[in-house]
Amino acid sequence: MTAPPRVVVVGAGPAGARAALAAARGGIRVVLVDGEPRVGGQYHRHPLAEPGSRRLHPLERSVVAQPRIEHLSRATVWALEAGPRPGSHLVHLQQGSADAAGRTQRTLVADALVLCTGAYDRVLPFPGWELPGVVTAGAARALAVGQRTAVGRRVVVSGTGPFLLPAAVSLLTAGSRVAGVYEAGKPSRWLRNLPAALRDGGPALLAELASYAGALARHRVPCRSRRAVVAAHGDGRVEAVTVARLDARWGVVPGSERVIAPVDALCVGYGFLPQLELPLAAGCLVRDGRVVVDARQATSAPGVYAAGEVTGVAGPVAAAAEGELAGLAAAADLSRACVPAREAAAAARVRAGRRFAAALEETYPIREGWRSRLTEDTLVCRCEEVTYGQLRDAVTDRGADAMRTIKLTCRVGLGACQGRICGRNAADLVAGLLGRPPADTLATDRRPLAHPVRLGDLASGPDGPPATC
Amino acid sequence: MRVLGEGVDVVVVGGGIVGAACAEALTRRGVRVLLAERGPLAGQTTARGDGRLLISDKPPGPGLTLAMASLRRWPLLLAALREELGPARAACEYERKGGLAVAVRAEEAAALRELAAAQRSAGADARELTPDEAIGREPHLTPAVRAAVHYPEDARLQPVLAATALLAAVRARGGEIRTGVHVLSVLTGADGWVVGVQTPDGPLPCGAVVNAGGPRAGTLAEAAGASLPVLPRYGTVLVTAPLPPGTVRHTVHGTVAGGPPVVVGAAPGGQVLISSGRRRAGADEALRADDLRALARCTAALFPVLAGVPVLRAYGGFHPGTPDGLPVIGEDPRHPGLWHAAGHAGAGVALAAATGELLGQLFTGEPPLVDPEPFRVARPGLGLAEEENRCP
Ligand SMILES: Cc1cc2nc3c(=O)[nH]c(=O)nc-3n(C[C@H](O)[C@H](O)[C@H](O)COP(=O)(O)OP(=O)(O)OC[C@H]3O[C@@H](n4cnc5c(N)ncnc54)[C@H](O)[C@@H]3O)c2cc1C
Ligand SMILES: Cc1cc2nc3c(=O)[nH]c(=O)nc-3n(C[C@H](O)[C@H](O)[C@H](O)COP(=O)(O)OP(=O)(O)OC[C@H]3O[C@@H](n4cnc5c(N)ncnc54)[C@H](O)[C@@H]3O)c2cc1C
C-alpha cells in the first residue's frame with residue numbers, strides 16, 4: 001500500500017482530541033471520529049442553543065487548525081473488523097443525524113486505531129428507579145450545560161463519587177432547587193490521602209471540586225455522606241424519595257429512613273462504566289471492567305491503543321494525558337520515529353493519573369449492600385421490564401449460570417439499551433446468587449454491533465474495504 | 001446397555017439442546033444419567049440459535065422425515081414437561097406460527113413449487129399460495145412475490161428456555177448435571193467397552209457415553225479414537241428493535257436478487273430476527289460487515305417496511321455441520337458404548353426432540369420413531385474410511 005499510514009481515533013473527548021493532535025504533530029494523517037456534533041466529549045459539553053455562534057474552546061481550535069486531522073462529527077462507529085494488513089482495522093461508521101434514516105455509510109481503513117470512547121454513568125437499581133423523573137447525574141448535567149434546561153424544580157442527587165458535586169452545581173445553575181446531595185460512600189477517607197491526591201489529581205481538579213462544594217454551601221444544599229436514596233415514590237412520576245443511612249456495607253440502617261417530598265426529579269450516579277464495545281470488538285483484553293494498556297497505552301490487540309476513561313476513571317486531565325501518550329505511541333509505531341522526551345513527559349502524567357484513579361476507586365467503592373434493597377418486583381432491566389424475581393428465577397429455577405443464557409432466559413439486557421444500563425448490575429446480582437462471578441461477566445458488554453443501524457442504511461453500505469485506503 | 005456397579009449408566013457430554021434432549025429421553029426411560037458440560041448450560045450454539053422449528057427449508061429425504069417427526073414431537077414433549085414441572089418451569093415460548101417460503105424471480109419460483117410438491121409427496125403439509133394469498137397472510141411482504149408456500153406446521157421456541165426446561169426434568173428425575181466439567185477422552189476396559197470418561201479432575205465411571213458436543217463433537221470423537229466429520233460453519237443473525245405485533249407474522253424465508261437466502265421472523269417481544277442461509281466454513285468467529293449488509297439487503301427487499309427499522313444487535317455462531325447435511329445419531333460401531341448425537345447443523349433445535357427420542361429408543365431397544373439407518377455413523381455419506389466402519 002503506497003498511501004501514507006493513517007490513524008483513526010474514535011472519540012473526540014479530552015483523550016481522543018489529544019490523541020489526534022499528538023499523532024498529527026508526529027506527521028501522521030488522522031481521522032477523528034465522534035458521534036457528537038463537536039469536539040470535547042463529556043467534559044467540554046457545549047451549549048447547543050446557539051449553533052451559529054460557534055465559539056470554539058481551545059481544544060477544538062487546535063483540532064480545527066491541524067491540517068492533518070480530518071474530524072468526522074456526528075459519525076458513529078458501529079463495527080470494527082480486521083483490516084487488510086496485520087494490525088490494521090476496518091472502521092465501519094455512519095454519519096448524520098441519529099433521528100433520521102439515510103445516514104451516510106462509510107468504511108475507513110485504520111493502520112492504527114486509538115479507542116477513546118469514554119465512559120457513561122452507572123445507576124444502581126432500587127424500588128422506583130424506573131419512574132419518569134429519575135435520571136442519571138450525567139444526563140442531568142448534560143441537559144443543564146448543553147441545553148440550559150433543568151430536569152426538575154426540586155431535585156435530589158444521590159449516588160457516589162466526586163461527580164455528584166458538578167452535577168448538583170449544574171442543576172443550581174440551570175435554576176433547580178437541590179433538596180439534598182446524598183453520597184453513599186464516606187469520602188472523608190479521602191482526606192487521609194489528600195497530599196497524594198493533590199500530587200496525582202493536580203491542584204486544579206481539587207480546586208474545582210472545592211469550588212463546587214462552596215457553591216453548594218452557598219445555596220445551603222444539604223450534603224450528607226453514608227446516605228442514599230433507597231426508594232423513589234410517585235404516581236406516574238417521581239414525587240418523593242426515601243433517604244436512609246447506610247452501614248459500611250451499604251445496608252440500610254434500620255429506622256433511619258426518611259421521606260423527602262415533594263421532589264420532581266432525582267439524579268443518580270454511581271461512578272462510571274467504561275464504554276467497552278469497541279475495545280472488545282477489537283479483541284482488547286479487558287480486566288475489572290477496564291481496557292488493559294501497557295506503559296504506552298497499547299492494548300493487547302496489535303495496532304490498537306486505548307486512552308481516557310475506557311482504561312479507568314481519573315478525570316479529564318488524566319484522560320488528556322493518556323490521549324497524548326496514545327497518539328504519540330501510535331504515530332511513533334507507524335512512522336518508526338519516536339519522540340522519547342515527549343513520550344516520557346506524557347507517561348509521567350499518565351502514571352500520576354493512574355494513581356489518582358486508584359485513589360478514586362478506593363475512596364468511592366460500590367458496596368454489595370445495594371443488592372439488599374431490591375424486592376421481588378424491583379426492576380433490574382428497565383427496557384425489558386425484568387424484575388429481580390425473574391432474574392433470580394432464571395438462576396435458581398432454570399439453572400442458567402452464565403450472563404449469555406441468563407439474558408436469553410429472562411430477557412435482562414436484551415432491550416433498547418442492550419445492557420448498557422443494567423448489564424453490570426445484573427452480573428453483580430448473578431454473582432451474589434451463584435456465590436461466584438458468572439463465567440462470562442463481559443457478555444453484557446460485548447456488542448459486535450456497537451450502535452443501532454437502520455436496516456435500510458445497512459443495506460445501502462458499500463461492500464468490501466474502500467478503494468482509497 | 002451395560003449396568004455398572006459403580007457410577008452412572010450414561011454420561012451425556014454437552015449441555016446444549018441436543019444433550020439436554022438426550023438426557024431427558026434417557027432419564028424418562030429410567031436410565032441413570034450424568035450430564036457433563038465444560039462451560040455454562042446451553043451457552044454455546046444453543047444460545048445462538050433462533051429456535052425456528054422448520055420443515056419448510058428441508059428437501060425431501062431423511063432430514064425432512066426427522067424434522068417432521070421432531071416438529072410433531074415437540075408439542076407432546078413440552079406438554080409432558082408442563083405436567084411434570086409446572087407451567088412456569090416448562091415454559092419456552094413455543095408458538096406454532098407457521099412458515100412461509102417465498103420466491104421473487106421466475107426460476108426461483110419454479111424451484112420453490114417443485115420443492116413444495118416433493119415435500120408434499122413426502123407427507124409434509126406444504127400449501128401453495130397465490131401471491132395475493134401470500135400478501136393476505138403477510139401484509140408487508142414485497143408485492144414482487146411470485147410464488148409462496150405455506151407450512152402450517154412450522155413453529156418457534158426459545159432454545160435456551162427449552163434446554164433449561166429439559167434439564168430441569170432431568171434433575172427432577174434424579175439425573176445429575178455438572179458444569180465446568182471438560183470431558184477429555186473416553187475410557188475403555190480390556191474388552192474395548194466404555195468404562196468411563198476422563199476429566200481434568202479424574203475419571204467418571206459409566207457404562208456408555210453420549211457425545212452431544214455440538215461443534216466440538218468431532219474433537220471428543222477424535223480423542224476417543226473414532227474420528228467424526230463434524231465441522232463448524234459460521235452463521236450470522238440480526239435482531240431489530242421491537243415492532244408492532246403482526247408486522248412479520250410467519251417465519252418467512254426467501255431469496256432475492258442473487259443474495260443469500262434469508263429467514264425472517266418475529267420473537268414474542270416483537271423483535272424481528274433475521275438469519276442467513278449462507279454460512280462461512282472454518283473456525284473464524286469474527287462478524288463481517290459484508291455479511292450483515294447482504295442480509296440487510298435481502299431482508300429490505302423481502303420486507304420493504306423493515307428498511308426504516310433499527311437493527312439493535314448482531315451475533316453469530318457455529319453450525320455443527322456434516323458432509324451429507326444429516327445429523328449423526330446412534331452408537332459408534334468402532335467404539336462400543338460410545339454414542340453420538342451431533343452434527344445438527346442449522347436445525348439442532350428443530351431436530352432435538354426427535355433426536356433425543358430416537359437415541360433413547362435405540363439405547364433401550366424400543367422400536368424407533370424414524371428409520372435410524374440414514375443417521376448411522378457407518379453410513380457412506382459421512383465419508384469415514386471403509387475399514388473404520390466395519391463392526392468389531
Ligand atoms: C455524562 C458525563 C458527564 C461528565 N461530566 C464531568 C464533569 O463535569 N467534570 C469532570 O471532571 N468530569 C466529568 N465527567 C467525567 C468525564 O467523562 C471525563 O473526565 C472526561 O470527559 C473523559 O474523557 P474521555 O476522552 O475519556 O471520554 P469522553 O469525554 O466521554 O469522550 C468519549 C467520546 O467518545 C465518543 N464515542 C463513544 N463511542 C463512540 C462510537 N462508537 N462512535 C463514535 N464516537 C463514540 C462519545 O461521543 C464521546 O464524545 C463526565 C462524564 C460523563 C459520562
Ligand atoms: C446463528 C445460528 C442460528 C441458528 N438458528 C437455528 C434455528 O432457527 N433452528 C434450529 O433448529 N437450529 C438453529 N441453529 C442451529 C442450532 O442452534 C444448533 O444445531 C444446536 O444448538 C446444536 O445443539 P447442540 O446441543 O448440538 O450444540 P451446543 O449448543 O453447542 O452444545 C454442545 C455443548 O457441548 C459442550 N461440550 C463440547 N465438548 C465438550 C466436552 N469435551 N466436555 C464437556 N462439554 C463439552 C459445549 O460446551 C456445548 O455447551 C442455529 C445456529 C446458529 C449458529
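Any read-out appearing in this document is the output of simple, stated calculations on the displayed coordinates, not a laboratory observation. Remember, it's a predicted structure, so these values are computed and weren't measured experimentally. Reconstructed Cβ throughout: ideal geometry from the backbone, glycine too, with neighbour counts over all protein chains shown.
Report, ordered by chain and residue number, the aspartates and glutamates lying within cross-link reach of A:Lys186, taken as a straight Cα distance under 18 Å and ignoring same-chain residues fewer than 8 apart.
A:Asp247, A:Glu361, A:Glu362, A:Glu368
Return, for the Cα atoms of segment B:212-364, the radius of gyration and Dmax in Å, separated by a comma.
18.2, 56
What does the charge dipole of the protein assembly as shown about its Cα centre add up to, to the nearest 20 debye, if the Cβ of each Lys and Arg holds +1 and the Cβ of each Asp and Glu holds -1? Don't skip to the end; give the middle numbers.
Values: 95 positive and 79 negative charges, 660 e Å.
Approximately 3180 debye in magnitude.
With viscosity set to 1.306 mPa s and temperature to 10 °C, compute the Stokes-Einstein D of segment B:99-188, Rh being the Kirkwood radius across alpha carbon pairs; µm²/s, no decimals.
So the translational diffusion coefficient is about 95 µm²/s.
Over its Cα atoms, what ratio of radius of gyration to 2.2 N^0.38 Å does chain B give?
0.99
Is there a simple number for the mean count of other chain Cβ atoms within 10 Å of the Cβ of residues in B:155-161, and what is it?
What the average comes to for B:155-161 is 3.
Taking the beta-carbon count within 10 Å as an exposure proxy, list A:Leu455, B:Leu382 from fewest neighbours to most.
Least to most surrounded, the residues fall as B:Leu382, A:Leu455.
Which one of B:Leu167, A:Ala17, B:Gly98 has its Cα pushed farthest toward the positive end of the charge dipole of the protein assembly as shown, where Lys and Arg give +1 and Asp and Glu give -1 at the Cβ?
A:Ala17
Give the average, rounded to an integer, of partner chain Cβ atoms located within 10 angstrom of each Cβ in B:36-42.
For peptide B:36-42, the averaged partner shielding equals 5.
Out of the DSSP beta bridges found with both residues in the protein assembly as shown, what percent are antiparallel (nearest 5)?
Once the DSSP bridges in the protein assembly as shown are tallied, antiparallel ones form about 60 percent.
Take the Cα atoms of chain A, build their convex hull, and give its volume per residue in Å³.
Values: hull volume 70.9 nm³, N = 469.
Convex hull volume per residue, Cα atoms: 151 Å³.
To the nearest 0.05, how large is the calculated FRET efficiency for B:Ala79 and A:Val253 if R₀ is 30 Å and r is the Cβ-Cβ distance?
Result of the calculation: an efficiency of 0.05.
Select from chain B the helices, each a whole stretch of DSSP H, whose alpha-carbon atoms run 24 Å or more along the helix axis and whose Kyte-Doolittle mean is at least 0.5; answer none if there are none. Before the final figure, lay out each step's value.
Numbers: long enough: B:62-85 (33 Å, 0.54).
For chain B, where a helix must reach 24 Å along its axis and average at least 0.5, the hits are B:62-85.
Arrange the following residues from fewest to most other Cβ atoms within 10 Å of their Cβ: B:Val181, A:Val114.
B:Val181, A:Val114
At R0 = 25 Å, how high is the FRET efficiency between B:Glu93 and B:Thr130 if r is their beta carbon distance? Nearest 0.05 is fine.
0.20
Return the percentage of antiparallel bridges among DSSP beta bridges fully within segment A:123-270, rounded to the nearest 5 %.
35
Placing unit charges on C-beta atoms (Lys and Arg positive, Asp and Glu negative, everything else neutral), compute the dipole magnitude of chain B about its Cα centre in debye, rounded to 20.
800
Can you list the aspartates and glutamates whose alpha carbon is less than 16 Å from that of B:Lys97, not counting same-chain residues fewer than 8 positions off?
Those aspartates and glutamates meeting the cut-off are B:Asp50, B:Asp57, B:Asp125, B:Glu138, B:Glu153, B:Asp154.
Order the peptides A:411-418, A:219-226 from the highest to the lowest mean number of other Cβ atoms within 10 Å of their residues.
The densest-packed peptide leads the list: A:411-418, A:219-226.
Please check which bits of segment A:139-157 a label hung off A:Arg177 would reach, taking the label as a point 7 Å along Cα-to-C-beta and the cut-off as backbone N under 14 Å.
Only A:152-156 pass the distance filter.
Helix-derived [θ] at 222 nm for the protein assembly as shown: sum -39500 (n - 2.57) over DSSP H runs of at least 4, divide by residue count, nearest 500?
Roughly -9500 deg cm²/dmol at 222 nm, from the helical runs in the protein assembly as shown.
Which of B:Leu167, B:Leu384 has the fewest other C-beta atoms within 10 Å, and how do the rest follow up to the most?
By the 10 Å Cβ count, ascending: B:Leu384, B:Leu167.
Which is the longest stretch in chain B that no exposed loop site breaks, taking sites as GluC sites (Glu not before Pro) with a DSSP loop state and at most 12 other Cβ atoms within 10 Å?
B:7-284
Towards the positive end of the charge dipole of segment A:123-270, with charges on Cβ (+1 Lys, Arg; -1 Asp, Glu), say which of A:Val155, A:Leu124, A:Cys223 has the farthest Cα.
Positive-most Cα among the choices belongs to A:Cys223.
Once the protein assembly as shown is represented by equal point scatterers at the alpha-carbon sites, with solvent omitted, what log10 I(q)/I(0) does the Debye formula produce at q = 0.10 Å⁻¹?
Result of the Debye calculation: -1.16.
How large is the charge dipole for chain A, taken about the Cα centre, if only the Cβ atoms of Lys, Arg (+1) and Asp, Glu (-1) carry charge, to the nearest 20 debye?
1220
Which percent of the Cα-Cα distances in segment A:374-438 go past 18 Å?
20
Report, as an integer, the average count of C-beta atoms from other chains found within 10 Å of each Cβ along A:405-417. Walk me through the numbers on the way to the answer.
On the way: counts 14, 3, 2, 13, 8, 1, 4, 0, 0, 7, 5, 4, 1.
Whole-number average of other-chain Cβ neighbours for A:405-417 is 5.
Need one number: the % of Cα-Cα pairs in segment A:123-270 sitting beyond the 27 Å mark.
Summing the P(r) of segment A:123-270 above 27 Å gives 20 percent of all pairs.
What are the DSSP H helices in chain A that stretch 30 Å or more along their long axis, judged by alpha-carbon atoms, and whose average Kyte-Doolittle hydropathy comes to at least -0.5?
Taking the DSSP H segments of chain A (at least 30 Å long, mean hydropathy at least -0.5), we get A:340-363.
Label-point separation (nm) for B:Leu184 and A:Arg336, each offset 7 Å from Cα along Cα-to-Cβ?
4.6
If you average the C-alpha positions of segment A:252-313 and of segment B:203-241 separately, how far apart do those two centres end up, in angstrom?
Using only Cα atoms, the two centres lie 37 Å from each other.
Using only Cα positions of segment A:311-469, each an equal point scatterer, no hydration layer, compute I(q)/I(0) via Debye at q = 0.11, 0.12, 0.17 Å⁻¹ and quote the log10 values to two decimals.
-0.71, -0.80, -1.00
Kindly give Rg over Rh for segment A:237-316, based on alpha-carbon atoms, with the Kirkwood expression for the hydrodynamic radius. It would help to have the intermediate numbers written out before the result.
Working: Rg = 19.6 Å, Rh = 16.0 Å.
Taking Rg over the Kirkwood Rh, I get 1.23.
Compute the length gained on full extension between A:Arg55 and A:Asp99: take 0.36 nm times their separation in residues and subtract their Cα-Cα distance, giving the result in nm to one decimal. Show your work: numbers first, answer last.
Values: separation 44, 0.36 × 44 = 15.84 nm, distance 2.55 nm.
Length gained, A:Arg55 through A:Asp99: 13.3 nm.
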